[in-house]
Amino acid sequence: MKLIGASVVITCDNNFTIIKDGGILFDNKKIIKVGKFSDLKKDKLEEVQFYNSCVITPALINSHIHFEFSKNHSMLKYGSFGEWLDSIMNNRDALMQDSTTHIKKAIKESMKSGVACVGAISSRAVDLDLLSQSELKVMFFNEIMGTNKDFFDKVKDDFNERVKKSKLLEDVNFKTAIALHSPYSLDIELAHYAIKKAIENKMLVSTHFLESKEELSWLESNSGYFKGFFKHFFHNDDAESHYSKDSFLELFKKCETLFVHCLYLNNDDWDRISKLKADIISCPRSNRLLNNRYFNFLKAKDYKFPLIIATDGKSSNNSLNMLDEARCALFAYEKYNINNLAREILLAMTKNPAKRLKFNNGIIEKGKASDFAIFYVDDINSAEQIALNFILQAREVEDLYINGKRIDIENV
Ligand SMILES: [Zn+2]
């Protein structure tokens, strides 16, 4: 058994319990007891450590990230979704160069910001071995996309191959899932094919949905940016949307789904998604950069969706640092009481995504996995607004524990 403690433990449990001079007694499998550090100290402990002027939180969860796009820094255009997608199409090969090096860096960067668990969207499985061998807990979403019938067999074979490979690598820290890229990039035949596989194998599904107004006008009226997109990049003059919004949402009736972005939902859409077994992930910095808009968090609350935030890939973000994402969200929602928002944001990267990714983490309480992040925060001992001060000040982990083991991040 090991014991760690810190000036403050933020448990992220149902009551948002915060323990000053708190401690956690744990082994490699799970948390044994949580309480005051001094009460938990006893003989015969394998390891005892108290982190002064520090905060312990559940290790953070980044539930939507594309590691394969980790090379991007200044290659792509922001400010409009159409310009961004064009720049992706024009730079696709350059973006994928030296992927291994950049994915390794991205794993390290994630861990440094306290992340122990990810929902990784993978389109080519370039990240498969690196992620399965890493210390991270990984929900590995094999992504499918394709609109040209001539290549459907190839797309299906490749998708099958990737799913099969990732299933072979499954263990307690690595699970296989499926991602449908988006309604504009996926033919209905391929979508049904992938969904069938997800249902048969009881796999979690993820999809981008209504990220942009360009996608909205494509789904509603077959018009706008995507008309030109298919003409220019696929020489298809007669392209039409494969779905209405409703027929796309129909696909997810029988599976558990994470919808990503959802920036352009109307009341009917909110209604429909709320009836599915689904949650919505929001990526605030990505949404600001591509669509000049933030997710309607207040509306989501009306429909009882918990807030979940993630970074998305580096193709639409300046870093994979979850704490920077948290700060962006904190400043984005000016109508919301800032202390309440700080607490919601902490849950948005711990307890709330944990419910869907199911690695038994995201909360510091008896029986949960021993996944913790420890951050130095100056003067936190005397702070009264702990969640808020934590989000404002925390920069990089002092230590990160996954399954009770301290991770040597510099040498991963
Ligand atoms: Zn994404």
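Numbers for the structure displayed
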{"quantity": "C-alpha long axis of helix 338-348 to longest principal axis of the chain, angle in °", "calculated": "70"}
{"quantity": "Percentage of interatomic Cα-Cα distances in the range 60-357 larger than 30 Å", "calculated": "26"}
{"quantity": "Integer Hz, Karplus 6.51/-1.76/1.60 couplings in order for the range 73-86, x for Gly and Pro", "calculated": "10, 10, 7, 10, 9, 10, x, 8, 4, x, 4, 5, 5, 4"}
{"quantity": "Nitroxide proxy distance, nm - points 7 Å out along Cα→Cβ at Asp93 and Leu392", "calculated": "5.0"}
{"quantity": "At R0 = 25 Å, FRET efficiency that the Cβ-Cβ distance of Ser382 and Ser38 yields, to 0.05", "calculated": "0.85"}
{"quantity": "Computed [θ] at 222 nm, deg cm²/dmol, the chain (DSSP H ≥ 4; -39,500 (n - 2.57); rounded to nearest 500)", "calculated": "-11000 deg cm²/dmol"}
{"quantity": "Approximate spin-label separation Phe50-Phe16, in nm, with each point projected 7 Å along Cα-to-Cβ", "calculated": "2.8"}
{"quantity": "Ser221 paired with Ile188, simple spin-label distance in nm, labels 7 Å along Cα-to-beta-carbon", "calculated": "2.2"}
{"quantity": "Sequence-separation-based contact order of the range 60-357, relative, with Cα cut under 8 Å and 6+ spacing, percent", "calculated": "21"}
{"quantity": "Total charge dipole magnitude, the range 39-89, about the Cα centre, Cβ charges on Lys, Arg, Asp, Glu only, Debye to nearest 20", "calculated": "80"}
{"quantity": "Segment Asn360-Asn292, extension gain: residue separation times 0.36 nm, minus the distance between their alpha carbons", "calculated": "21.0 nm"}
{"quantity": "Amide H within-cut-off set for Ile309, under 5 Å, with H built and near neighbours excluded", "calculated": "Ser282, Met349"}
{"quantity": "Sequence of Ile402, Ile409 once ranked by neighbouring C-beta atoms within 10 Å, starting from the fewest", "calculated": "Ile409, Ile402"}
{"quantity": "Beta bridges per DSSP with both ends in the chain, % antiparallel, nearest 5", "calculated": "40"}
{"quantity": "Between the range 295-335 and the range 138-207, the Cα center-to-center distance that results, in Å", "calculated": "26"}
{"quantity": "Cross-link pairs beyond the 22 Å C-alpha cut-off, checked among Lys314/Lys358; Lys277/Lys304; Lys29/Lys175; Lys301/Lys355", "calculated": "Lys314/Lys358"}
{"quantity": "For peptides 27-33, 54-60, 79-85, 358-364, sequence by mean Cβ density within 10 Å, most packed first", "calculated": "54-60, 358-364, 79-85, 27-33"}
{"quantity": "J(HN,Hα) series, the range 238-247, from Karplus relation 6.51 cos²θ - 1.76 cosθ + 1.60, nearest Hz, glycine and proline x", "calculated": "10, 4, 9, 4, 7, 9, 8, 4, 5, 5"}
{"quantity": "Residue order, fewest to most beta carbons within 10 Å, for Met111, Met1", "calculated": "Met1, Met111"}
{"quantity": "Dipole of the range 60-357 [Lys/Arg +1, Asp/Glu -1 at C-beta], most positive-end residue of Cys328, Asn352, Ala194", "calculated": "Asn352"}
{"quantity": "Least to most buried among Asp39, Asp269 (fewest other Cβ within 10 Å first)", "calculated": "Asp39, Asp269"}
{"quantity": "Reach of Lys366 by Cα under 13 Å, taken over aspartates and glutamates that are not fewer than 8 positions away in the same chain", "calculated": "Asp13, Asp27"}
{"quantity": "Computed magnitude of the charge dipole of the chain (debye, nearest 20; Cβ of K, R +1, Cβ of D, E -1)", "calculated": "1040"}
{"quantity": "Proximal aspartates and glutamates to Lys275, defined as alpha-carbon separation beneath 14 angstrom and excluding residues fewer than eight positions away on the same chain", "calculated": "Asp246, Glu250, Glu256, Asp302"}
{"quantity": "Degrees separating the helix 322-332 axis from the principal Cα axis of the chain, which is the longest one", "calculated": "70"}
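All of the numbers you see were taken from the coordinates with simple rules; none came from a lab. Only a predicted model underlies this, so the values are computations on that prediction, with no experimental measurement involved. Virtual Cβ from ideal backbone geometry, glycine too; neighbours counted across all protein chains shown.
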